[in-house]
Structures are given as C-alpha cells and as structure tokens.
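The values are calculated or read from the model by the stated rules, or taken from the named source; none is laboratory data. Given the structure is predicted, the values throughout are model-derived calculations rather than measurements. When we count neighbours, we look across all protein chains shown, and the Cβ atoms used for this are built from the backbone with ideal geometry, even at glycine.
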Amino acid sequence: MIRQLAATVSAVALAACASMPGAGPSAVAKLEPTKGNATAGTVTFTQRGDKVEVVADVTGLAPNREHGFHVHEKGDCSSGDGMSAGGHFNPDGKPHGPQEAPHHAGDLPSLKADAAGKVDMRVRLAAGLAIGGGPADIVGRGLIVHAQPDDYKTQPTGNAGARVACGVIARKP
C-alpha cells in the first residue's frame, strides 16, 4: 500500500515538473542613468518556453510613480539622453499597447516605484520576445526606463517622456 502510494505521488510529481517550462537561455541589462538622472539597476530576462520572464531591480526612480519600460531597437546608450537606442523593438509591426492586447514586442509592463523610488519586479511576459535567436531576439537591443508612466495608447511611444536610464541586453554565459 505504501509503495503504491509512493509510486503514485512520484508519477504525479514528475508529470507536474514535465508540464512546467524550464529555464532556457538568459540575458541581462545593466541600467545606467542618462545625463542628469539617478536611475540604475539590473534587469534579467530568462526564456521559459515561448515566454520570457523579466526580473527587474531598479533604484533612483520617482517615488510612488509608474515609469514606462521598453526594449528598444538598438543596443546603443552612447547619447547622454538615451535616444541612440532608437524606437521600440517591434519586429512584427504591431501597434503600441499593453501585454494583454496587440503590442510591440518591446512593450513591457510599467515599473511601479515604491516610496523609496525602488522597484523589485518579476513578471512573465506574453509571447513575443526571445533570447538567443530569431527575429524576436532581444540580445544586443537597448532597454530604456522612462520618466513618466506609459499610457499604452499614444502611438508609437506611449507618451512615457524622457529616457532616464539605458542599458544594453547581453546574453548571459
């Protein structure tokens, strides 16, 4: 009886593990402040099946405010204002919008800063981004944090204001 119960529990556990998408390739962006700003942090992207999980640890944001957050076309943070990163990453030519509607692949959920101007966020994105290959690959692209919230309506940017931090997304070894 105990062996049969143990075998059943083991089979259920194995089935549950098999249905959970494992961690695939990962990438990371080190956010540096643009000129005159203090926003900085680290954002990690991990492929999990056809979705990408984002873990963001960001400081120096306006307290108790939302900030637009996007993957941009170019992995170039050389300009002092972050504009060298280009526009939103949009390999499928979709309109700007939130995760639950048609959107640019680079449209990420807004960062919501706490009273200290800090964000610790973990979110699994809708399908649309990839790490390490294909047209939706984010490796080598820019990552931007904006000064204002994203309205998810204004085309093509979301009216999120100035770029307060920029980073280049690099594949983790």
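Key figures
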read-out: Those residues of the range 109-119 which are more than 12 Å from the chain's Cα centre (by Cα) and under 24 Å from Asp151 (Cβ atoms), in sequence order; value: Lys112, Ala113, Asp114, Ala115, Gly117, Lys118, Val119
read-out: The listed residue being crowded, with 18+ Cβ neighbours inside 10 Å and either β-branched (Val, Ile, Thr) or under 16 Å from the mean Cα position of the chain (by Cα) (or both), out of Ala165, Ala127, Ala147; value: Ala165
read-out: Of residues in the range 130-141 being within 16 Å of the chain's Cα centre (by Cα) and surrounded by fewer than 15 Cβ atoms within 10 Å (Cβ to Cβ), the one modelled with the lowest pLDDT; value: Gly132
